[in-house]
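A short reminder: the numbers here are calculations on the coordinates, not readings from a lab. Because the structure is a prediction, the values reported are computed rather than measured. Cβ placement follows ideal geometry from the backbone for every residue including glycine, while neighbour counts extend to all protein chains displayed.
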């Protein structure tokens, strides 16, 4: 399974890389990048500006897709290949009468905490699927902010779960949370 990729035509951003450290070719001077020589007052202003930039990115660059979350009681959360499998899991469980939706984060930073927090006000729980030991499950717990229980199922080492395998685990979790 592969995700679809759309490449936009390349446009050179025209950035100035004179500050970068890329070795020392014969045609330019070397650069030393350090904050050790900046006065603390100046460094604080640099850091405050960085924090403003991070907040702006968090407010404007969060990307995610939602599927069938309008009536969902259980929300699956998955990205990449797991999201494709989660889509099938969602359909399997909906065919069994369970109201299941899916949140697919596209950006992992900034993470879509806000939508998870909003969904936590009306769903019964979240079930995270990952092909690893659970690196994203903590982000989901943070986004849900303790409002609802978060279940997890993952496989590692190149093992890929089947939709039926995950549906069984998610259905057991759904029963656990009273669905």
>> I'd like the full set of residues that are in contact (Cβ under 8 Å) with a residue 24 or more places away in the chain and surrounded by 18 or more Cβ atoms within 10 Å (Cβ to Cβ), limited to the range 123-139.
In response: 123, 125, 126, 127, 128, 129, 130, 131, 136, 139
> How many residues does the range 140-179 contain that are under 16 Å from residue 108 (Cα atoms) and surrounded by 19 or more Cβ atoms within 10 Å (Cβ to Cβ)?
Replying inline: 3
> Which of (1) farther than 17 Å from residue 178 by Cα; (2) surrounded by 13 or more Cβ atoms within 10 Å (Cβ to Cβ) is the odd one out, the single condition residue 109 does not satisfy?
Replying inline: (2)
>> Testing residue 118 on (1) more than 13 Å from the chain's Cα centre (by Cα); (2) more than 20 Å from residue 88 (Cβ to Cβ); (3) in a loop (DSSP other than H, G, I, E, B), one condition comes back false. Which one is that?
In response: (3)
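Conditions (1) closer than 15 Å to residue 101 by Cβ; (2) in a loop (DSSP other than H, G, I, E, B); (3) touching a helix residue (DSSP H, G or I) at 6+ places or on another chain (Cβ under 9 Å), marked per residue:
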residue: 123; (1), (2), (3): yes, yes, no
residue: 126; (1), (2), (3): yes, no, yes
residue: 133; (1), (2), (3): no, yes, no
residue: 140; (1), (2), (3): yes, no, yes
residue: 152; (1), (2), (3): no, no, yes
residue: 160; (1), (2), (3): no, yes, yes
residue: 167; (1), (2), (3): yes, no, yes
residue: 172; (1), (2), (3): no, no, no
residue: 175; (1), (2), (3): no, no, no
